[in-house]
Amino acid sequence: MKYQLLHAGSFDPDPIAGALATAAIETTLIHGAGDLAAGERPTVLVLDSEARLLFSVANLRSFLDGGGAIVALGAEGDDALPEGIPELLFSALIIPPYSERRLLITLRSAFRDAAMRTENQRLRQTVEAQTAELDEMTQIGVALNTERNYDTLQALVLSQARRITVSDAGSLYLVEATEDGSQRLRFKLTQNHSRPEIPLSEFTIPIDHTSIAGYVASTGEPLVIEDAYFLPPDVEYSINRSFDENNRYRTKSMLTVPMRNHKSEVIGVLQLINRKRSLETVLDTAQDFDTLVTSYSRRTVDLVSGLAGQAAVSIENSQLYESIERLFEGFVTAAVTAIEQRDPPTFGHSGRVATMTVDIAKATDRVNVGRYKDLAFTPEQLREIRYAGLLHDFGKVGVREHILVKAKKLYPPNLSLIEQRYAFVRRTAERNFYKQRAEYLEQHGHQGYEAFLEGMQLEYDDNIKTLDRFMSLVLDCNEPTVLPDGTFNELLQYADHHYQDLEDNDQPFLTSDEVRYLTIRKGSLDEAERLEIESHVNHTYRFLMQIPWTNELQDIPRIAYGHHEKLNGVGYPRGVRGNDIPIQTRMMTIADIFDALTASDRPYKRAVPAKKALDILASEVKDGMLDAELFEIFHQAHVYEQIGEGITT
């Protein structure tokens, strides 16, 4: 070990120069506190009584804390340190006369003290560095465990590995299964500080000993390479220089580490390239690669191996999370498909409502005035809104299909029965006309026949006209309307008409049930049918409550439950009001009504143009049913124009 002696003032080491040289002690004359530094080797500062005035107590304490020791030279006759100088700052106080032997013994003791202080300082720095590394690794672990986006997670793993090792570049490979059940490595990501413009082009390589990444994945052991262009002659792997040649780069030092999951299975490989002294250094010239690139130390191997383990678990968790999301996405798609197969006229409705609701939420994020200026939705909340929109009509699976798909006010068999009744009465009238004409000729011959026939023809034509008008009214009244329409007075008059059946029993043109259906003022459903249709909301809520949602999606049942509620309490099924309806639900209600009005694929109603639909929504806003600010956002952001398909203009 080498030692260093600093001296200030009148102390002259020449009398003991030979002894100092023999002990490998380097002597340096200093002139002030600016030269005072302990360094990385045991250092002793020798001060006489005058030189002590050059240094403050703080200077001396800093020197000691840095690992040094201090020897004080007193003036002749001194028996103590000057007042105000703490004795603990000094390893020894020497009073003249000085002898070589005494000086050497004192200095040897001081150097032992300095060596101990230097070692303590080194250990303290090591502990502090390791503590900092541990804190950093903990923070990295937290970041990796909280990142859900798969692509972002991969980039985070690589960037953090580069940062803690001060690497200029790096690559990430992930293990994937092939069709034949074997495995291979896929090159997923690359980062390069000196060549950031290098594009990513994914490719696969076999897991064997022919490539460095394949070798590490195969053996499961880290690999440190000092210079990738000068590999030992006995290794199986090699480096492909085409990347370097195409991008004016030079791959020199390399650290390649396997990423193992909690089962110790290798799920990927982390490869770091060209360790530097500063992360911001740009390697541009050949000389830069020769002089600025250093080797990877044992400590960096340990750090990256620890990070790779954390990364492997995080990536596997992210893959699992993505697979769960794909599974759930498949479930939602299957659920929507099941709804639409039971109710084909509403095909695409759930998707359009979900899209418009999410777009309203995004548009709300952008407003900077009004009640919702401070409102912001996270990506997770937007996903929750989307799923709620897709599943808001899921409960229709619990509604009887003939009611669900009822296109007209009358069911087809009911209308067919009326048509048959009409045909029977019409044919009866025709038969009676010809029968009466034949009976007249038989009884009276041609006498007065022309006048009789003319009167009978007028009566017959009037009967046929009445019957045709009746049937026309039935067909007209059978069409549902978007808004309450008609008084049905004329239809009710015809309903009082009767005819004689085959057994000469008196029968009405329309039964009471038929009259009830045909006089429905809005839509195609009577009160009982409407209540059954409305029950789909309760079915939706009950079905969705059976699903064990994650915390991020737990509000889906509540959001979907209220999509037919109105702010003034006239909605269903609970008649809740105002702020008791979640804002996400209020957005969905606007989207749901707009799509129901404008969708052109529903046979039980005529689609209305977007402008008229907006007018109807504005009317409901005026009546206190819908959220005025959300409707204004929906309107001003032209959310409905982004849907296009299925919407009339």
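The values are calculated or read from the model by the stated rules, or taken from the named source; none is laboratory data. What you see is a predicted model; the values in this text were computed from it and never measured. With ideal geometry, Cβ positions are generated from the backbone for all residues, glycine too; neighbour counts draw on all protein chains shown.
If only residues of the range 289-315 that are of a type in the set (Ser, Thr, Tyr) and part of a helix (DSSP H, G or I) are counted, the one that is modelled with the highest pLDDT is Thr291. Of everything in the range 584-612 that is in contact with a Phe, Trp or Tyr (Cβ under 8 Å, 6 or more places away or on another chain) and surrounded by fewer than 19 Cβ atoms within 10 Å (Cβ to Cβ), the residue that is farthest from Asp365 (Cα to Cα) is Asp601. Is one or more of the residues making up the range 371-392 more than 30 Å from Arg342 (Cβ to Cβ) and in contact with a strand residue (DSSP E or B) (Cβ under 7 Å, 6 or more places away or on another chain)? Within the range 371-392 (the criterion being more than 30 Å from Arg342 (Cβ to Cβ) and in contact with a strand residue (DSSP E or B) (Cβ under 7 Å, 6 or more places away or on another chain)), the answer is no, since none of the residues qualifies.
Would you please name the residue that is farthest from Asp476 (Cα to Cα), looking only at residues in the range 412-431 that are surrounded by 14 or more Cβ atoms within 10 Å (Cβ to Cβ) and of a type outside the set (A, V, I, L, M, F, W, C)? Result: Thr428.
There is at least one residue in the range 632-646 that is part of a helix (DSSP H, G or I), modelled with pLDDT under 90, crowded, with 20+ Cβ neighbours inside 10 Å and not basic (Lys, Arg). Evaluate the following for Leu458: is it assigned by TED's automatic domain parsing to the domain that holds Phe433 and either closer than 21 Å to Lys406 by Cα or not in a helix (DSSP H, G or I) (or both)? It is false that Leu458 is assigned by TED's automatic domain parsing to the domain that holds Phe433 and either closer than 21 Å to Lys406 by Cα or not in a helix (DSSP H, G or I) (or both). Looking across the range 552-567, the residues that are touching an Asp or Glu at 6+ places or on another chain (Cβ under 7 Å) and either farther than 16 Å from Gly395 by Cα or outside the structural domain of Thr364 (by TED's automatic domain parsing) (or both) come down to Glu552, Leu553, Asp555, Leu567.
Limited to the range 146-158, what total is found for residues that are among the charged types (D, E, K, R) and in a helix (DSSP H, G or I)?
1
Restricted to the range 386-411, and to residues there that are under 30 Å from Ala361 (Cβ atoms) and of a type in the set (Gly, Ala, Ser), the residue that is surrounded by the fewest Cβ atoms within 10 Å (Cβ to Cβ) is Gly398.
Is at least one residue of the range 422-441 more than 30 Å from Arg542 (Cβ to Cβ), outside any helix (DSSP H, G or I) and free of Cβ contacts under 8 Å to residues at least 24 places away in the same chain? Looking through the range 422-441, none of the residues is more than 30 Å from Arg542 (Cβ to Cβ), outside any helix (DSSP H, G or I) and free of Cβ contacts under 8 Å to residues at least 24 places away in the same chain. Restricting Ser318, Ser305, Ser323, Ser314 to residues that are out of contact with any helix residue (DSSP H, G or I) (no Cβ under 7 Å at 6 or more places or on another chain), of a type outside the set (Asp, Glu), touching a residue at least 60 places away in the same chain (Cβ under 8 Å) and closer than 23 Å to Leu156 by Cβ narrows the list to Ser305.
Taking the criterion of being over 30 Å from Arg383 (Cα atoms), among the aliphatic types (A, V, I, L, M) and assigned to a helix (DSSP H, G or I), the residues of the range 502-553 that qualify are Val515, Leu518, Ala528, Leu531. Filtering the range 249-281 to residues that are assigned to a loop (DSSP other than H, G, I, E, B) and either loosely packed, with under 12 Cβ neighbours inside 10 Å or modelled with pLDDT of 90 or more (or both) leaves Tyr249, Arg250, Thr251, Lys252, Ser253, His262, Lys263, Ser264, Arg277, Ser278, Glu280, Thr281.
A quick yes/no check of all residues on (1) in the same structural domain as Asp290 (by TED's automatic domain parsing); (2) outside any strand (DSSP E or B); (3) buried (at least 20 other Cβ atoms within 10 Å of the Cβ):
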| position | (1), (2), (3) |
| --- | --- |
| Gln160 | yes, yes, yes |
| Tyr173 | yes, no, yes |
| Asp180 | yes, yes, no |
| Phe187 | yes, no, no |
| Pro199 | yes, yes, no |
| Ala217 | yes, yes, yes |
| Asp234 | yes, yes, no |
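Remark: Arg195 matches the filter, which requires a residue to be modelled with pLDDT under 95, in a loop (DSSP other than H, G, I, E, B), surrounded by fewer than 19 Cβ atoms within 10 Å (Cβ to Cβ) and charged (D, E, K, R). Against the numbered list (1) on the phi > 0 side of the Ramachandran plot; (2) modelled with pLDDT of 90 or more, Ile205 comes up short only at (1). Pairing each residue of the range 232-253 that is more than 17 Å from Gly214 (Cα to Cα) with any residue that is among the basic types (Lys, Arg), provided the two are 6+ apart or on different chains, yields C-beta distances under 7 Å for Asp244/Arg250; Asn247/Arg195; Tyr249/Arg195; Ser253/Arg275. The single condition among (1) assigned to a loop (DSSP other than H, G, I, E, B); (2) closer than 23 Å to Arg163 by Cα that Asp208 does not meet is (2). For the range 575-594, the set of residues classified as among the charged types (D, E, K, R), assigned to a loop (DSSP other than H, G, I, E, B) and in contact with a helix residue (DSSP H, G or I) (Cβ under 8 Å, 6 or more places away or on another chain) is empty. Selection over the range 524-559 of residues that are surrounded by 14 or more Cβ atoms within 10 Å (Cβ to Cβ), small (Gly, Ala, Ser) and out of contact with any Gly (no Cβ under 8 Å at 6 or more places or on another chain) gives a count of 1.
Inclusion of Ile360 among residues that are closer than 27 Å to Ala607 by Cβ, in contact with an Asp or Glu (Cβ under 6 Å, 6 or more places away or on another chain) and not basic (Lys, Arg) is not warranted.
For the range 486-501, what are the residues that are surrounded by 12 or more Cβ atoms within 10 Å (Cβ to Cβ) and either assigned to a loop (DSSP other than H, G, I, E, B) or among the hydrophobic types (A, V, I, L, M, F, W, C) (or both)? Those that are surrounded by 12 or more Cβ atoms within 10 Å (Cβ to Cβ) and either assigned to a loop (DSSP other than H, G, I, E, B) or among the hydrophobic types (A, V, I, L, M, F, W, C) (or both): Gly486, Phe488, Leu491, Leu492, Ala495, His497, Asp501.
Checking the structure you have, find out if any residue of the range 486-499 is in contact (Cβ under 8 Å) with a residue 60 or more places away in the chain and not β-branched (Val, Ile, Thr). Yes, there is a match, as at least one residue in the range 486-499 is in contact (Cβ under 8 Å) with a residue 60 or more places away in the chain and not β-branched (Val, Ile, Thr). In the range 34-82, the residue that is modelled with the lowest pLDDT out of those that are of a type in the set (D, E, K, R) and not in a loop (DSSP other than H, G, I, E, B) is Arg52.
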